[in-house]
Each structure stands twice: as C-alpha cells, then as structure tokens.
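One structure below.
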C-alpha cells in the first residue's frame, strides 16, 4: 500500500520547495491554452456533465486488478522516487502509482477526485534511475497542477469520438473540444517537464530521458548536443509549406515532439527564472488566491510576443514581419511559399536558378 507520509525519502541532498505553487513552473502557453479551452463554447457544459458521469471508481478498480501497485513491497525504488518527488514539491498526499504491462514507453497522471500515476513497463525498462526520477517528478507536477482532471476527460472524449463518428455532426462538437484539449495538453507537458527538472535537479538526466524516449535504449549511439541540434534544425528549416506541415503533424498528438520538448526544457534551465526557483525564490500556494488573472494574461502575451520575435520558424518570422509592418507582404508570402528569392528563380530549379539565401550559407549539405 502506498505510504502517504514522507518518511524514508532518499538521502541524496536535493533542494526542496516548501509550499511551492504550480505557477512557479507552469509554462505561459499552458495557462493561456487552458483559459482558451475554458472559453470554448460548450466546454463548461461537457465538463460538468462528464465530471459526474465518468466511471472513476471503475478506473481505479481496473488498475488495482490488472496492474502492479508501487509500494515498499513492489517496485520499491519507484516508491522511493515517488515519495521523494512529493517531498520536494511539497505535495502533501502521495498519489497511488501503478506499473502497467505495456512495451510502449509512457506515463500518465489521471483521475478526477484524486490523481493516479501510471507508468508502463516499457518506460521502466528504458530509463536509468535519474532519468526515471525526472519522469516521476513530471507526473507529480501534473498532479500538483491539477492536470489529471482534464487528461481524464481527454481520454474519455477521444474514445467517445470514435464511437459516435457515424452520427451526422455528432463527432464535430466532440472533436472541437478534443482538439482544444490536445492543444492545452501539449502545452501542459512543457510545464510538467519543468517540474521533473525541479525534482531530479539533473538537466543532463532530463535530456537523456527525452532522447531515449525518442530513440530507444541505445545511449552509446546517441548524443544530447546532437539531439538538441535536431530541434534547432526542425524549427528553422524549410519554408512556409514546412511550417504548415509541422502544424498538421502535431494536431493529432497529445505530446509535443520530443526533440522540441528537450530544447524547451534546456532553454528554461538556463534562465534566471529557473535559478531563482533553485535559490528559493518562487510563488507560494498560499499566494494563489491573490493572483491577478490580468497579470497571467500579460505574462502569456509577453511569452508569445517573445516567441514570435525570436523564432527561426518561417511562419513565425512572417508573423513578426506582419506585426512589424514590413512592406511588400504579398511578395514575401509568394517567396516564402515558393521558396523563391528576389532573383525570381524557380522553386524546383537548381542552385543556379535561385540566389542563395544568406542564412543557407552555414546550414551544411543541402537536402536531397
């Protein structure tokens, strides 16, 4: 049985964050996406209805009967990590945690009244102790932020959408909410990654864990710096067509792409904000009631403005040009979509048909 105390936590010295608010690590895009989700027409009605109808008790019985519950007697090392994560983030009640037989590496935090953490055998077998510690901290971060409620509804609605797909227009309303939920959940993963880093306090372990989730248990064949370079190449490569394809590729997913997550987390780990938290300066839970919604919106708006300004993605650059009042937008759109430059060369022609973009000079070998 899971111990709800914080006795026998691992002895390794890590910083603890008494009374920490989830606002300390929540990504601005997470908060703004959740606000947008709650404003979606029909969401409140669906949320209230499902909160009373979802078979949460059945869900708990399912895991109890068909998975292995983590305790001092079963997966004791995971139990130590779980208690340690709750101790560091000052989560008073330790959630029950289960290991589910599934070769696919995955973890989730679900539940309406109380969160339940589930990890798969594929994940347990893939990660080393410090990498797994970051994952457990990630899930405890979900629990502290209250994400489990929306994740549970997302799982239910995704299954429901399949069942009612044959009903005319019946699937449209559900899929609108599912799409909005997925958009929020992708952002919430960035928040939970930060919580995992606060628990593990080992940036390299967090990076390795994400890299192994992407490439498997072949650490000797992989390199964290090269993996992060992939994320940089992904962001800045291609033209507007690639930007549109990126959006279409990510829409069906509940998680952001792994290399992108790693780059986002690495960037945050190097900020003054992260250092201040590690130094003990962070928002407290007892201050949450005094938090200004306006300030949260302002912070989110500032984040998006900064993202547009600094992004290397072609679409974001164009948005920045439009916001900055750049001239000849029609020409810019034409050139971006066709890959053409001021020389008017063909988009499918060779190098002699189009002047080289100054940014392409150091990009390495051209794509075939």
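Every number in this text was worked out from the coordinates using simple rules, so none of it is lab data. The shown structure was predicted, so the numbers you read here are calculated from the model rather than taken from an experiment. Methodologically, a virtual Cβ is constructed for each residue, glycine included, from the backbone with ideal geometry; neighbour enumeration extends over all protein chains shown.
Things worth noting here:
- Length gained on full extension, residue 57 to residue 272, computed as 0.36 nm times the residue gap minus the Cα-Cα distance: 73.1 nm.
- Between residue 279 and residue 64, the FRET efficiency estimated from the beta carbon spacing at R0 = 51 angstrom works out to 0.75.
- Full-stretch length increase - residue 223, residue 15 - with 0.36 nm per residue and alpha-carbon distance subtracted: 72.1 nm
- Stretchable slack from residue 233 to residue 77, in nm (0.36 nm times residue separation minus alpha-carbon distance): 52.4 nm
- Protection proxy ranking of 218-226, 125-133, 258-266 - average other beta-carbon atoms within 10 Å, highest first: 258-266, 125-133, 218-226
- Taking packing as the residue-averaged number of other Cβ atoms within 10 angstrom, the listed peptides 97-103, 279-285, 118-124 run from highest to lowest as 118-124, 97-103, 279-285.
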